[in-house]
1. Does the range 209-243 hold any residues that are part of a helix (DSSP H, G or I) and closer than 23 Å to residue 50 by Cβ, and which are they?
2. Looking only at the range 87-104, filter to residues that are touching a helix residue (DSSP H, G or I) at 6+ places or on another chain (Cβ under 7 Å) and under 13 Å from residue 238 (Cα atoms); which one of those is modelled with the highest pLDDT?
3. Please work out if residue 82 is within 17 Å of residue 28 (Cβ to Cβ) and at pLDDT below 90.
4. How many of the residues making up the range 30-53 are in a loop (DSSP other than H, G, I, E, B) and either touching a strand residue (DSSP E or B) at 6+ places or on another chain (Cβ under 8 Å) or not assigned by TED's automatic domain parsing to the domain that holds residue 6 (or both)?
5. Given (1) out of contact with any helix residue (DSSP H, G or I) (no Cβ under 8 Å at 6 or more places or on another chain); (2) surrounded by fewer than 18 Cβ atoms within 10 Å (Cβ to Cβ); (3) modelled with pLDDT of 85 or more, where does residue 22 come up short, assuming only one miss?
6. Any idea which residue in the range 66-86 is nearest to the chain's Cα centre (by Cα), counting only those that are crowded, with 17+ Cβ neighbours inside 10 Å and more than 18 Å from residue 233 (Cα to Cα)?
7. If you go through the range 79-125, how many residues are over 14 Å from residue 56 (Cα atoms), in contact (Cβ under 8 Å) with a residue 12 or more places away in the chain and outside any loop (DSSP other than H, G, I, E, B)?
């Protein structure tokens, strides 16, 4: 079970989030809750959760500050931010700091939360070493032949130059249609799926070889070291070098 810390100053929202999902069925357990970042930070430091579900706007210490302080402490817990409509700048900054996703509080539904938890669970599974990773944890088959074909192609050719155009040509469909179909069937965009696959492969290199990061970058299909490091940190909360040091 992945441990979740819920940080939200509005009691009604906190109770609603706790009740609308059957957490254990999703592979999560609510390990604690806090009403602001100041209260949550020592809890995170004492027993780091796998996921922090956190409001952005809170008194004393807001969600962005909590995310920053958690990263400064060297803790790679996943963060999903709860936010209000129109707070685009805070959302942008949260994603830059390494938040996995955000959810709009006013329109939050069971579907939104379930999809986000599936995404986070997949990212957490990808952070495990190959020996710890449960079989097929990161590669579930989808009941659509073209989508399966794309997933298999990425799995076998992640180290090559892959674009939406080349994938659309591979399955002989239009780019817009393929993009929408893949998102509908898998719950994530093609580019995110490709990045996730490459990061998973990079993690295997980091944990089983002594190859330098720039070589691993090339081996998994990234042409730019800085971009590779940015995507890796966005998905895992740490840089490739930091990930390797923790093993």
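The values are calculated or read from the model by the stated rules, or taken from the named source; none is laboratory data. Remember, it's a predicted structure, so these values are computed and weren't measured experimentally. Heads up, the Cβs are rebuilt from the backbone with ideal geometry, glycines too, and the neighbour counts pull from every protein chain shown.
1. The answer is 229, 230, 231, 232, 233, 234, 235, 236, 240, 241, 242, 243.
2. Within the range 87-104, the match that is modelled with the highest pLDDT is 99.
3. yes
4. 5
5. For residue 22, the failing item is (3).
6. 82
7. Summing the residues that are over 14 Å from residue 56 (Cα atoms), in contact (Cβ under 8 Å) with a residue 12 or more places away in the chain and outside any loop (DSSP other than H, G, I, E, B) in the range 79-125 gives 14.
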